[in-house]
Amino acid sequence: MIATTAEFLTIVSGLPRSGTSMMMKMLETGGTPVMTDSIRTPDDDNPNGYYEFEAVKRTKEDPSWLQGSDGKAVKMVYRLLYDLPSDRAYRVLFMRRKLEEVLASQRTMLQRNGAPSDNTGDEQMAQLFCAELAAFYKWAAKQPCIHLLDVDYNRLQRDPYPELERVNEFLGGRLDIQAMANVIDGSLYRNRK
């Protein structure tokens with residue numbers, strides 16, 4: 001079941017470490033072509049790959065990558081959604097994960113990569129993320145070209161089928177939900193709260 005007839009681009013977004021790569025793999029396995037350049041290769045933090053597409057970082061200056069993107073899926077950090085041109089349709093799957101798990105996962109990844117600590121505490125980071133997300137949701141609600149669906153990462157881990165049914169309906173009902181559910185690997189859910 002390949003969802004290539006959709007008249008919109010599917011965007012997977014959310015905070016870093018909120019399950020965006022997992023959702024991209026789910027969409028790919030479920031029948032949606034994905035846009036990725038494989039520049040960032042799998043590692044210990046994302047053994048199934050990052051599913052990134054570098055061109056999205058330059059959308060404001062060069063949105064040409066959007067040509068022919070309808071019916072496909074791409075991953076974008078939520079801050080980049082502000083740069084999308086309003087002359088096309090987007091369906092955004094916004095991954096939501098318990099904030100304390102996001103912060104723990106980010107900290108683990110930074111430590112593993114030897115990044116210096118910036119001395120920003122979890123409480124301060126949580127406040128910053130909450131403020132940014134509130135501003136983003138307020139903005140997104142006013143964009144007629146953007147339709148947004150929150151997807152709960154933690155529910156996907158516990159009982160994926162209800163969340164995947166919602167995703168499938170939101171994207172037009174062409175996905176293979178069983179194949180998507182099979183992507184979930186509990187051993188990769190390492191920062192639980």
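Read-outs throughout are calculated quantities, based only on the coordinates presented, and are distinct from any laboratory measurement. Computed from a predicted structure; not experimentally measured. All Cβ positions, even for glycine, are placed from backbone atoms using ideal geometry, and neighbour counts span all protein chains on display.
Computed over the Cα atoms of the range 9-188, what is the convex hull's projected area averaged over all directions, in nm²?
10.4 nm²
Using the structure shown, list the pairs from K57/K98; K75/K138; K25/K138; K72/K98; K98/K142 with a Cα-Cα distance above 23 Å, or answer none.
In this structure, K57/K98; K25/K138; K72/K98; K98/K142 exceed 23 Å between Cα atoms.
When only DSSP loop residues count, what chymotrypsin sites (Phe, Trp or Tyr not before Pro) in the range 131-162 have their Cβ near at most 12 other Cβ atoms within 10 Å?
none
For E54, project a label point 7 Å along Cα to C-beta. Then give me every residue of the range 13-41 with its amide nitrogen under 11 Å of that point.
Within reach of a label on E54: 37-40.
Out of the GluC sites (Glu not before Pro) in the range 1-93, which ones are loop residues according to DSSP with at most 14 other C-beta atoms within 10 Å? Could the numbers behind the result be given before it?
On the way: sites: E7, E28, E52, E54, E61; in loops: E7, E52, E61.
Listed in order of number, the matching sites are E7, E61.
How big is the charge dipole of the range 9-188 about its Cα centre, in debye rounded to the nearest 20, if each Lys and Arg gets +1 on its Cβ and each Asp and Glu gets -1 on its Cβ?
That gives the range 9-188 a dipole magnitude of about 320 debye.
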